[in-house]
1. Taking R0 as 25 Å, what FRET efficiency do you get between VAL123 and THR62 from their Cβ-Cβ distance, rounded to the nearest 0.05?
2. Kindly identify the stretch 49-122 as rounded, prolate or oblate by the Cα gyration tensor criterion: order the square roots of the eigenvalues as a ≥ b ≥ c, call it rounded if a/c is under 1.5, otherwise compare a/b with b/c, prolate if a/b is larger, else oblate.
3. I need the phi-derived Karplus couplings for the stretch 125-140: 6.51 cos²θ - 1.76 cosθ + 1.60, θ = phi - 60°, integer Hz, Gly and Pro marked x.
4. Given a Förster distance of 25 Å, report the FRET efficiency between ALA17 and ASN148 from their Cβ-Cβ distance, rounded to the nearest 0.05.
5. Could you tell me whether the stretch 1-92 comes out rounded, prolate or oblate from its Cα gyration tensor? Rule is a ≥ b ≥ c as square roots of the eigenvalues, rounded for a/c under 1.5, then prolate if a/b exceeds b/c, otherwise oblate.
6. For ARG19, what residues show an amide H to amide H distance below 5 Å, using hydrogens built from the backbone and excluding near sequence neighbours?
7. Name the residues whose placed amide hydrogens come within less than 5 Å of the amide hydrogen of LEU26, ignoring near sequence neighbours (fewer than 5 apart) on the same chain.
8. As a quick test, which of the pairs LYS47/LYS110; LYS58/LYS161; LYS58/LYS154 have an alpha carbon distance above 29 angstrom in this structure?
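Coordinate-derived values only; no laboratory data. Everything numeric in this text was worked out from a predicted model, so none of it was measured. Please note: Cβ atoms are built from the backbone with ideal geometry, for glycine as well, and neighbour counts cover all protein chains shown.
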Amino acid sequence: MRITEIFHSIQGESSHAGRPCVFVRLTGCNLRCRWCDSEYTFTGGEKKSLDDVIAQVKSYGTRLVEITGGEPLAQQEAFELIRRLCDDGFEVLIETSGSIDITPVDKRAKIILDVKCPGSGEVAKNRWENIDELRPHDEVKFVIADRNDYEWAKQVIDDKKLERQEQTCQSERDGPQHKQRRTSRQATRRSAVAANPTHVVDSEVSLSCDIVSRFEPDF
Ligand code: SF4
């Protein structure tokens, strides 16, 4: 398989943010998002065997691994890599654009589905059937470039009933005692967005485990 980089760092996104994590960044992507920050993954990379990749992952002594890219599922060997890492007891996150069928991904791995908003220029590539394949431990992410993306993302959350799925998933995982605290946290975040929508630039909303908003300066 073709690998751009493997490194150990702190997870910066999703409900796993803050945890030590090994990142396996696969080369190649079938999309070309306007704001892509990983263009260096489009070409090049180094050919490595599955055994070599797994050995390097193990060398860091960290149990959380993210398979990312580029688009990691664009390489057929990625599915085998994910299965073998799960077999070895790793907690495996898959950061995928959702443009490729996630059905063959090992069910023990956790999908972070990056739904492409109109501002990305790749909204037509969303494979909506993937939403139906998500399980309670999976997450959905939107990268929001402008107000239009924000409104679009809210509509998708409503249309696909993602918030209801999120609450169902949370109830399954946490039990009823956490529901009140979570609902209040979500309301606070929504209020922050509503109060200053012009600053909803390069924000991300993660669903399924929690709603996380990140506010950054304009591009
Ligand atoms: S899917 Fe990810 S790697 Fe591919 S173009 Fe979009 S942002 Fe870049």
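1. On the way: r = 35 Å, r/R0 = 1.39.
Efficiency, rounded to the nearest 0.05: 0.10.
2. Prolate shape, in that a/c is at least 1.5 and a/b is the bigger ratio.
3. 8, 4, 9, 5, 4, 4, 4, 6, 8, 5, 10, x, 8, 8, 9, 10
4. Efficiency, rounded to the nearest 0.05: 0.40.
5. Oblate is the answer for the stretch 1-92, as a/c is 1.5 or above yet b/c matches or exceeds a/b.
6. GLN11
7. THR4, THR68, GLY69
8. Numbers: LYS47/LYS110 25 Å; LYS58/LYS161 38 Å; LYS58/LYS154 40 Å.
Violating the 29 Å Cα-Cα cut-off are LYS58/LYS161; LYS58/LYS154.
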